[in-house]
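Here's the structure, in structure tokens; my notes come after.
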Amino acid sequence: MESKIFKLPSSVINQIAAGEVVENPASIVKELIENSLDAGATRIGIEVVDGGQSLIRIEDNGSGMSERDALLSIERHATSKIQETADLQTLSTMGFRGEALAAISSVCHFEMRTCQKKGTRIVADGGSVSLVEPCARNPGTTIEVRSLFYNVPARKKFQKSKSADAAAVTKIVEMIALANERVSFTLNGKELLSRRDEILKEFEHQIQGKGIYGYIAEPAKAGQTRRGQYLFINKRPIFSPLIAKAVKSAFGTRIAEHSHPKFVLFLEMSPDLVDVNVHPQKKEVRFKDESAIFRLVHTAVEKAFAPKKTFSDPIAFNQPISTGSFTENFPSMPLKAFEPELDWIFPQRPLAVFGKYLLLQKEGLLLVDLSSAFARLLFESFVLEAKSAQALMFPLQFPFENGDEEIVEKLMKIGVEARLLKNTLVIDALPNYLEAADFDTFFDEWKVGRKLEEIATKYSRRSKRKFTLEQGTKIWQEVQMCKDPLYDPLGNPIFIHLNEDDFAKLMGKRNG
Ligand code: ADP
Ligand code: MG
């Protein structure tokens with residue numbers, strides 16, 4: 001009988017496997033750097049051309065390989081890191097599958113120069129070795145990946161843009177650099193150290209606990225995406241929805257429902273509590289005891305928010321004389337349960353300036369434009385799905401032409417509870433932040449079709465509007481819960497931050 005089943009040649013097997021490990025230049029860079037780290041390198045140089053599509057070069061000062069090991073290393077399932085399954089339980093290295101180099105070398109023009117005692121140079125094209133020769137090199141390893149996917153046209157077609165690949169490479173290198181403080185990284189000749197400081201500067205609050213440390217950024221910085229989330233388990237960059245959820249739960253009501261808190265989190269745990277063998281790129285993990293991990297993260301993050309003891313300095317003389325109580329002035333402003341966090345949000349007492357700005361001390365000064373913040377609040381109270389309209393003690397009434405039921409429907413959509421009573425339009429409730437006294441101004445503009453973005457902003461900017469310190473702090477707190485806490489509806493910044501350099505510039509100081 002004729003057989004229809006053939007064994008695939010290893011070059012084809014490797015290319016298929018490459019589909020899992022070698023997604024794009026960034027995933028190759030990640031594998032190669034992890035190999036360098038596993039080899040004990042303290043200096044790792046990364047170079048990419050065209051986002052890695054034309055060239056990826058990783059150079060390290062790690063242990064290097066003998067000629068025999070170098071040749072073995074590009075064979076599938078060749079690894080120096082585990083010998084039996086039991087080793088998986090105690091794994092401390094990043095790699096272990098022994099398939100990265102085999103996969104990578106099968107989809108490019110590959111070159112390795114490595115030296116343990118003697119130097120060896122290996123050249124391979126699409127997975128087949130074409131040259132092995134001695135070479136001169138200091139201890140360590142250099143790997144070059146040229147013309148990625150040149151022999152896999154289907155993959156090449158689906159390559160992303162060079163700039164997207166370059167950005168992904170930068171992010172992965174930054175992540176790994178963040179987790180490995182003692183190793184110096186250069187990316188395209190630039191030292192990454194300063195960049196690491198820059199990243200960490202964004203995260204104001206430190207997390208510390210047994211087996212967990214890291215940083216979180218203020219709730220106001222929470223983003224629409226998970227881009228600001230860096231998680232490492234045993235130094236390995238990992239994606240874990242469970243942990244992201246635990247962090248978010250600790251943020252509680254400090255952030256809006258759909259935003260993502262920013263964090264850099266390092267977990268150290270015994271390898272037998274976590275299974276990294278789930279995802280081919282080792283990007284995802286499975287935990288033995290999910291609820292224990294959840295609690296650990298939740299508690300540690302919550303602690304980072306605990307009010308710090310501060311001396312509240314007597315600056316009452318700066319406080320503007322309040323005209324009436326806050327709730328009197330803002331009958332419609334909802335009161336949320338923030339108070340216990342006041343200390344955290346305002347470790348230093350803020351100042352109201354010109355009745356228009358709020359000045360907060362926070363690694364320099366934070367200057368909040370209250371009318372922009374208010375415009376944001378007002379706008380979101382029109383468009384947010386979950387509306388909380390405030391009933392009016394005395395419903396407003398407007399004479400209205402017959403026959404326009406549609407307007408009632410439209411008003412209801414933006415949180416204005418309205419009804420038609422013969423020739424009168426009756427307004428029973430208004431969205432938060434829209435005051436009854438201002439409704440007719442609002443209504444005139446809205447009727448003629450002005451955009452809510454413009455109305456909200458214009459209404460908040462009216463020169464007669466002044467905010468007291470109390471109102472200002474409330475607005476600042478509330479705006480941090482907004483979907484977009486950074487800009488007013490027309491795109492003006494809600495706050496600016498002034499650091500020491502900015503002050504020097506304001507004072508006209510020059511270096512030297
Ligand atoms: P894994 O890392 O899963 O073991 P790889 O295919 O990534 O598999 O690497 C295969 C082997 O090649 C490694 O186990 C290691 O012994 C060796 N190796 C790879 N890169 C380096 C390097 N930069 N320095 C020293 N040895 C390396
Ligand atoms: Mg590896």
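The values are calculated or read from the model by the stated rules, or taken from the named source; none is laboratory data. Predicted model only: the values in this text are computed from it and were never measured. So basically every Cβ, Gly included, is an ideal-geometry build from the backbone, and we count neighbours across all protein chains shown.
State all residues of segment 415-437 that are surrounded by fewer than 16 Cβ atoms within 10 Å (Cβ to Cβ) and of a type in the set (Val, Ile, Thr); if no residue qualifies, say none.
Correct list: Thr424 only.
Just need a number here: residues in segment 108-136 that are basic (Lys, Arg) and buried (at least 18 other Cβ atoms within 10 Å of the Cβ). Don't jump to the end; show me each part of the working.
First, pick out the residues of segment 108-136 that are basic (Lys, Arg): 113, 117-118, 121.
When the remaining residues are screened for being buried (at least 18 other Cβ atoms within 10 Å of the Cβ), the result is 113, 121.
Residues meeting the conditions: 2.
Of all residues in segment 100-147, which are in contact (Cβ under 8 Å) with a residue 60 or more places away in the chain, of a type in the set (Val, Ile, Thr) and near ligand 1 (Cβ under 9 Å from one of its atoms)?
Ile104, Thr141, Thr142, Ile143
Residue-by-condition table, conditions (1) surrounded by fewer than 19 Cβ atoms within 10 Å (Cβ to Cβ); (2) over 14 Å from the mean Cα position of the chain (by Cα):
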{"site": "Leu200", "(1), (2)": "yes, no"}
{"site": "Ile216", "(1), (2)": "no, no"}
{"site": "Thr225", "(1), (2)": "yes, no"}
{"site": "Gly228", "(1), (2)": "yes, no"}
{"site": "Asn234", "(1), (2)": "no, yes"}
{"site": "Pro241", "(1), (2)": "yes, no"}
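Being among the aliphatic types (A, V, I, L, M), over 24 Å from Phe354 (Cβ atoms) and assigned to a helix (DSSP H, G or I) is the filter here, so list the residues in segment 448-474 that pass it.
Hit for segment 448-474 is Leu452, nothing else.
Can you tell me which of (1) under 26 Å from the mean Cα position of the chain (by Cα); (2) crowded, with 23+ Cβ neighbours inside 10 Å is the one Leu370 doesn't meet?
Among (1) under 26 Å from the mean Cα position of the chain (by Cα); (2) crowded, with 23+ Cβ neighbours inside 10 Å, the lone unmet condition for Leu370 is (1).
Give the residues of segment 475-491 that are in a loop (DSSP other than H, G, I, E, B) and farther than 21 Å from Glu202 by Cα, sorted by residue number.
Asp488, Pro489, Leu490, Gly491
At least 1 residues that are farther than 21 Å from Asn492 by Cα in each: list the strands (runs of 3 or more DSSP E) lying fully within segment 363-433 that qualify. Give the steps one after another, and end with the answer.
Values: elements: 365-369, 390-399, 417-421, 424-430.
So the answer is 390-399, 417-421, 424-430.
Of the residues Lys458, Lys447, Lys474, which is among the basic types (Lys, Arg) and within 19 Å of Leu384 (Cβ to Cβ)?
The unique qualifying residue is Lys474.
Residue by residue, here is whether (1) in contact with a Phe, Trp or Tyr (Cβ under 7 Å, 6 or more places away or on another chain); (2) closer than 27 Å to Lys474 by Cβ; (3) among the polar types (S, T, N, Q) holds:
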| residue | (1), (2), (3) |
| --- | --- |
| Ala373 | yes, yes, no |
| Glu380 | no, yes, no |
| Leu396 | yes, yes, no |
| Gly415 | yes, yes, no |
| Lys422 | no, no, no |
| Phe442 | yes, yes, no |
| Ser460 | yes, yes, yes |
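Which condition number in (1) touching a Ser or Thr at 6+ places or on another chain (Cβ under 8 Å); (2) farther than 14 Å from Leu378 by Cα; (3) charged (D, E, K, R) is the one that Arg461 fails?
(2)
Looking at His260 and the list (1) more than 27 Å from Arg182 (Cα to Cα); (2) at pLDDT 80 or above; (3) out of contact with any Gly (no Cβ under 7 Å at 6 or more places or on another chain), which single condition is not satisfied?
Single failed check for His260: (3).
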